[in-house]
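Worksheet: the structure to be examined is printed underneath.
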């Protein structure tokens, strides 16, 4: 019985003290760890917990929150060469917390705003990106809330119920039977409230890195792929890439429906409402016009770009259209950037942010 008391006491101490012994650098280095998140989106929560702790510790009041997809996250290069890393190196720059995740949809970004509210993290200064493909009609893929549908159900049930038919059509399966609801509650709601479970993936990663150091081995790069310019890569690979069905659909020149019937317009309007009175910048990320010349020069594509510009003209946000602004040599593919491209993007974002 005495041993049980010690075990209980030990677990209570871990629950109370573990977050204090973890630092922001243990869970976040210029961006969140996609290789962990893609298998467990609950790993976002320790990052937000540590971001809040860092804000309070440093008494920050002018920090910028960055949300977005793989472009702002920094695919395919390493974390120290992404856009927020270059932004943070600028002399006198406020802290930028990069909370982008590859494949994030605008619905995920809205849900992230609600999660930030829950953690008491201000979104008074917000940057987030959209892309041309954001407005292409879903058929029905991808899900309008790709990563965080379970969080949306909890945080904004009305928005969740509105978008649920599209999510179901794209393959999302919410828990419905009593057993499914029990398992979901256990893994999504209950266990993540215990610090040891919430931080387990980061503790495992820290142990692995420690083993590398003890063995005198170099720490593996966190880059996802080859970040050389697209025109230095195997031409056969590039040609095969251009035939990818999903890529072709993302450049559809079919006229956009920019009404509230479009899931992304629905979530943009939710974001506008949430950000009313706050400094918000929306970035239409660039396309590699050298590689995608045949697509971007189609009259329908240009008409859709003009429609996006008109859509944002009267919205309460700063809108930055980067189409055609970044030279083709700065891209690793159709939209992702090299190290030099991210450095250029950082310069552009600061310029527009300070206007």
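The values are calculated or read from the model by the stated rules, or taken from the named source; none is laboratory data. Here the structure is a predicted model, which is why all the values come from computation and not from measurement. Neighbour counts are summed over all protein chains in view; Cβ atoms, including those assigned to glycine, are modelled from backbone coordinates with ideal geometry.
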Restricting attention to region 69-85, report how many residues are out of contact with any helix residue (DSSP H, G or I) (no Cβ under 7 Å at 6 or more places or on another chain), buried (at least 19 other Cβ atoms within 10 Å of the Cβ) and assigned to a loop (DSSP other than H, G, I, E, B).
2
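For every residue, the table says whether it meets (1) more than 22 Å from residue 224 (Cα to Cα); (2) at pLDDT 60 or above; (3) not in a loop (DSSP other than H, G, I, E, B).
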{"residue": "4", "(1), (2), (3)": "yes, no, yes"}
{"residue": "7", "(1), (2), (3)": "yes, no, yes"}
{"residue": "15", "(1), (2), (3)": "yes, yes, yes"}
{"residue": "30", "(1), (2), (3)": "no, yes, no"}
Looking only at region 292-316, and only at residues there that are within 25 Å of the chain's Cα centre (by Cα) and assigned to a loop (DSSP other than H, G, I, E, B), the one that is nearest to residue 126 (Cα to Cα)
316
Looking at region 46-66, can you tell me whether even one residue there is in a loop (DSSP other than H, G, I, E, B) and closer than 20 Å to residue 223 by Cα?
no
Working carefully through the options 110, 132, 119, find the one that is touching a helix residue (DSSP H, G or I) at 6+ places or on another chain (Cβ under 9 Å), more than 24 Å from residue 286 (Cβ to Cβ) and at pLDDT 95 or above.
119
The condition from (1) within 23 Å of the chain's Cα centre (by Cα); (2) part of a loop (DSSP other than H, G, I, E, B); (3) crowded, with 18+ Cβ neighbours inside 10 Å that residue 252 misses is numbered (1)
Region 212-223 residues that are part of a loop (DSSP other than H, G, I, E, B), paired with ones that are at pLDDT 95 or above and surrounded by 10 or more Cβ atoms within 10 Å (Cβ to Cβ) (beta carbon under 7 Å, 6 or more apart):
221/78; 222/78; 222/79; 223/76; 223/77; 223/78
If only one of 203, 207, 196 is out of contact with any strand residue (DSSP E or B) (no Cβ under 6 Å at 6 or more places or on another chain), loosely packed, with under 11 Cβ neighbours inside 10 Å and part of a helix (DSSP H, G or I), which one is it?
207
Looking at (1) within 18 Å of residue 34 (Cβ to Cβ); (2) at pLDDT 95 or above, which one does residue 127 not meet, given that it meets all the others?
(1)
State yes or no: is residue 242 loosely packed, with under 13 Cβ neighbours inside 10 Å, farther than 30 Å from residue 158 by Cα, modelled with pLDDT under 95 and more than 20 Å from the chain's Cα centre (by Cα)?
no
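Residue-by-condition table, conditions (1) within 21 Å of residue 133 (Cβ to Cβ); (2) at pLDDT below 95; (3) under 19 Å from the mean Cα position of the chain (by Cα):
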residue: 318; (1), (2), (3): no, no, no
residue: 322; (1), (2), (3): yes, no, yes
residue: 328; (1), (2), (3): yes, no, no
residue: 336; (1), (2), (3): yes, no, yes
residue: 342; (1), (2), (3): yes, no, yes
residue: 349; (1), (2), (3): yes, no, yes
residue: 352; (1), (2), (3): no, no, no
residue: 355; (1), (2), (3): no, yes, no
Could you grab me the full set of residues in region 318-355 that are in contact with a strand residue (DSSP E or B) (Cβ under 9 Å, 6 or more places away or on another chain), in a helix (DSSP H, G or I) and free of Cβ contacts under 8 Å to residues at least 40 places away in the same chain?
341, 344, 348
